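To start, the structure under review is shown below, and the notes come after it.
The values are calculated or read from the model by the stated rules, or taken from the named source; none is laboratory data. All figures in this text were calculated on a predicted structure; none of them were measured in a lab. Please note: Cβ atoms are built from the backbone with ideal geometry, for glycine as well, and neighbour counts cover all protein chains shown. For the accessible areas, the whole protein counts, side chains as well, though only heavy atoms, and no ligand, DNA or RNA atoms are used. Shrake-Rupley method; radii C 1.70, N 1.55, O 1.52, S 1.80 Å.
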Amino acid sequence: MTLVEAVPDAVDRLEEYVPGDPRHLYDRGARHVVRDADGASVRARVHLAAPVVAARPRARAAPIEGGGWRITDR
């Protein structure tokens, strides 16, 4: 168990996060992700751009061919 899993309420207070508050710049959720290290599928807590924030790049950005991206310069 990670610290974030153990104390989610404390993290929310630290980030001043209130679920459903329309003033937030992000929404929090969970997604299944694949770890590069071993290919395992795990559930991850993620921060997603709130609708008001996500609308800006969607209005101006071009889609990424193939629909995905990866950081390769590590």
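Quick look at the values:
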item	result
Filtered residues of the stretch 53-74 (kept if open to solvent by less than 90 Å² (accessible area, probe 1.4 Å), outside any loop (DSSP other than H, G, I, E, B) and modelled with pLDDT of 75 or more)	VAL53, ALA54, ALA55
In the stretch 35-52, residue least open to solvent (accessible area, probe 1.4 Å) [restricted to those that are among the hydrophobic types (A, V, I, L, M, F, W, C) and closer than 25 Å to LEU25 by Cα]	ALA50
Residue, farthest from the chain's Cα centre (by Cα), within the stretch 24-33, restricted to residues that are surrounded by 10 or more Cβ atoms within 10 Å (Cβ to Cβ) and assigned to a strand (DSSP E or B)	VAL33
